[in-house]
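Since the structure comes first, as structure tokens, the remarks are kept for the end.
The values are calculated or read from the model by the stated rules, or taken from the named source; none is laboratory data. Everything quoted here is computed from the prediction, not taken from an experiment. A quick note on method: Cβ atoms are made from the backbone with ideal geometry, for glycine too, and the neighbour counts reach across all protein chains shown. The protein model used for the area step is the full one, side chains on, heavy atoms only, and it has no ligands, DNA or RNA in it. Shrake-Rupley method; radii C 1.70, N 1.55, O 1.52, S 1.80 Å.
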Amino acid sequence: MSRSVTRTAAVLLALGALAYTAWVLEVLVRTGLDPVRTYVSELAAADQPLGGLFRATDLAAGALVLAGAVVGAWGTLTSTSRPTRDPWEAVGWVALAVFGAATVADSRLPLSCAPTVDPECAARETAGLVPATHTAHAVSSSFAMTGALVALVALTVAARRHGRRPALARTGPALVVLEFAATAWTLTAVAAFEAGKGTWSLGAGQRLQVLLVAVWLAVLAYSLAREKEEER
């Protein structure tokens, strides 16, 4: 990729990573939701006082990552350098674009209420009496996390295969392992909650999951910003 393309992608992804961690504001402001037990997406639920803020930051995060991925993919497709045309690289950028687009969709398909703290909401959800956005949100969230996981693996593999982006090549594998562990924790906790067996610290697992994605995005952004200088 040209220096201008890599810098543009780096800035967009760095801003996206920052917006994707907006949920940490719950440390500073009272949301009424327990971060250890509740879904991150419940912060953006339609009935939450700060729901509009968190929906806006989700929209910004998704749009910025989508734009960064498109710029990165375009740079890959137009590059004459064989390393940047590696299939792993192409798959990684496409997956990252899917993550960004699905995150945008997430922000437009909020939950109507917070099922982990509102028994009536949970009962309506179990009975199928909540708006269709609950199901749509679950689908878009699944696409988002699948895209993120594929991107983490593919772009990390590409960095290690060709000795480019040293920061990503060094830290990427550890972040990938931690991300899969956090995802397993989250999925197990969700299954337990849906089976009526408690939350199993669902909120903590999911917050770790999204935090690791944001950290990986920041590392990718840094690696892109340094790429041309390190190639000299």
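Summing Lys and Arg as +1 and Asp and Glu as -1 over all other residues whose Cβ lies under 15 Å from the Cβ of Ala122 gives a net charge of -4. In a reduced charge model with +1 at each Lys and Arg Cβ and -1 at each Asp and Glu Cβ, the chain shows a dipole moment near 940 debye about its Cα centre. For Cα pairs less than 8 Å apart in space and 6+ apart in sequence, what is the mean separation divided by the residue count of the chain, i.e. the relative contact order in percent? Contact order relative to length: 28 percent.
Rounded to the nearest 10 degrees, the inclination of helix 202-231 to the longest alpha-carbon principal axis of the chain is 10 degrees.
Among 61-69, 24-32, 158-166, sorting by the average number of other beta carbon atoms lying within 10 angstrom of each residue, highest first, gives 61-69, 158-166, 24-32. Let me know the shape class of the range 47-136, please: from the alpha-carbon gyration tensor, a ≥ b ≥ c as square roots of the eigenvalues, rounded when a/c is under 1.5, otherwise prolate if a/b is greater than b/c, or oblate. Here the range 47-136 falls in the prolate category. Taking other residues whose beta carbon is less than 14 angstrom from the beta carbon of Phe193, and scoring Lys, Arg as +1 and Asp, Glu as -1, yields -3. Shown for the chain: the carbon plus sulfur share of the solvent-accessible area, taken with all protein chains present and a 1.4 angstrom probe, equals 68%. Note on Glu194 and Ala46: with the Förster distance fixed at 30 Å, the Cβ-Cβ geometry gives a FRET efficiency of about 0.90.
Sorting 186-193, 211-218 by average packing, meaning the other beta carbons within 10 Å per residue, from highest down gives 211-218, 186-193.
With the Cα gyration tensor of the range 129-205 giving a ≥ b ≥ c as the square roots of its eigenvalues, does the rule (a/c under 1.5 for rounded; else a/b larger than b/c for prolate; else oblate) give rounded, prolate or oblate? Because a/c hits 1.5 or more and a/b fails to exceed b/c, the range 129-205 counts as oblate.
Peptides 136-142, 117-123, 38-44, ordered by how many other C-beta atoms sit within 10 Å of their residues on average, highest first, read 38-44, 136-142, 117-123. From its DSSP helices (H runs of at least four residues, each -39,500 (n - 2.57)), the chain gives a residue-normalised ellipticity at 222 nm of -25000 deg cm²/dmol. For volume of the Cα convex hull per residue in Å³, pick the label among [x] 108; [y] 129; [z] 121 that corresponds to the value derived from the coordinates. The value matching this structure is [x]. Please work out the C-alpha center-to-center distance from the range 156-206 to the range 61-79 and express it in whole Å. The range 156-206 and the range 61-79 have Cα centres spaced 23 Å from each other. The label point for Ala174 and the one for His162, both projected 7 Å from the Cα toward the Cβ, are 2.5 nm apart. With a ≥ b ≥ c taken as the square roots of the eigenvalues of the C-alpha gyration tensor of the range 160-232, please select rounded if a/c is under 1.5 and otherwise prolate if a/b is larger than b/c or oblate if it is not? Since a/c reaches 1.5 and a/b is larger than b/c, the shape of the range 160-232 is classed as prolate.
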